[in-house]
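For reference, the structure discussed in these notes is given below.
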Amino acid sequence: MSAYFSVLGPNKMLMPHEGPWCGVIRIHLGLIIPKDGDGCVLICDKKEYRWEEGKCVVFDDTYEHLAVNMTDNNRVVLFLDYMRPLPKFWSFINWCIVKSARLIPYFRTPIKRHKIWEKKFYKDYG
């Protein structure tokens, strides 16, 4: 399982994209959701979902999805990836694939960028 905060600024949109692996289920726990919630939406597989503070949106990110925040405030969710429940053998295979993914440049590059950002953040604000 992995977790991090996802902040989507005012009048921002994440372009349509798909997750790289079906071995996890994505969960967004609404932490700070603009009161003008009509402009703040997740669209997954052509269905609209609206975040609510203290409530979860659970979806399969292997379907095309995008996030939109056309309000004047930040949208903050706790972003969780939960290992998809599978039979024991397939669960082990899934675990091996997820653990080895960090060796692939597709995943290594964002992890490296995040670590650089983290060092700067803690230097400036820590």
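The values are calculated or read from the model by the stated rules, or taken from the named source; none is laboratory data. Note that the structure is a prediction, hence the values are computed from the model and not measured. All Cβ positions, even for glycine, are placed from backbone atoms using ideal geometry, and neighbour counts span all protein chains on display.
Of the listed requirements (1) in a helix (DSSP H, G or I); (2) out of contact with any helix residue (DSSP H, G or I) (no Cβ under 8 Å at 6 or more places or on another chain); (3) surrounded by 14 or more Cβ atoms within 10 Å (Cβ to Cβ), Phe107 misses just one: (2). Contact map, the range 103-114: first residue within 14 Å of Trp21 (Cβ to Cβ), second residue at pLDDT 75 or above, Cβ cut-off under 6 Å, separation 6 or more or different chains; pairs are Phe107/Ala101.
Whether any residue in the range 68-89 is in a loop (DSSP other than H, G, I, E, B), surrounded by 13 or more Cβ atoms within 10 Å (Cβ to Cβ) and in contact with an Asp or Glu (Cβ under 7 Å, 6 or more places away or on another chain) is what I want to check. Before you say what the answer is, go through the steps one by one.
Step one: filter the range 68-89 for residues in a loop (DSSP other than H, G, I, E, B), giving 70-74, 84-87.
Checking the rest, the ones that are also surrounded by 13 or more Cβ atoms within 10 Å (Cβ to Cβ) come to 70-71, 73-74, 84, 86.
Keeping just the survivors that are in contact with an Asp or Glu (Cβ under 7 Å, 6 or more places away or on another chain) gives 71.
There is at least one residue in the range 68-89 that is in a loop (DSSP other than H, G, I, E, B), surrounded by 13 or more Cβ atoms within 10 Å (Cβ to Cβ) and in contact with an Asp or Glu (Cβ under 7 Å, 6 or more places away or on another chain).
Report the residue count in the range 43-67 for those that are assigned to a strand (DSSP E or B) and farther than 21 Å from Met83 by Cβ.
So in the range 43-67, the residues assigned to a strand (DSSP E or B) come out as 43-44, 47-49, 56-59, 65-67.
From the residues that got through so far, the ones that are farther than 21 Å from Met83 by Cβ too are 43, 47-49, 66-67.
Count: 6.
Sub-9 Å Cβ pairs linking a first residue in the range 64-90 that is touching a residue at least 12 places away in the same chain (Cβ under 8 Å) to a second residue that is of a type in the set (A, V, I, L, M) and assigned to a loop (DSSP other than H, G, I, E, B), at least 6 apart or interchain, are Asn73/Ile33; Arg75/Ile33; Val76/Ile33; Val77/Ile33; Leu80/Met1; Asp81/Met1; Tyr82/Met1; Met83/Met1, ordered by first then second residue. Note on the range 9-30: among residues that are among the hydrophobic types (A, V, I, L, M, F, W, C) and within 23 Å of Met70 (Cα to Cα), the one that is modelled with the highest pLDDT is Leu29.
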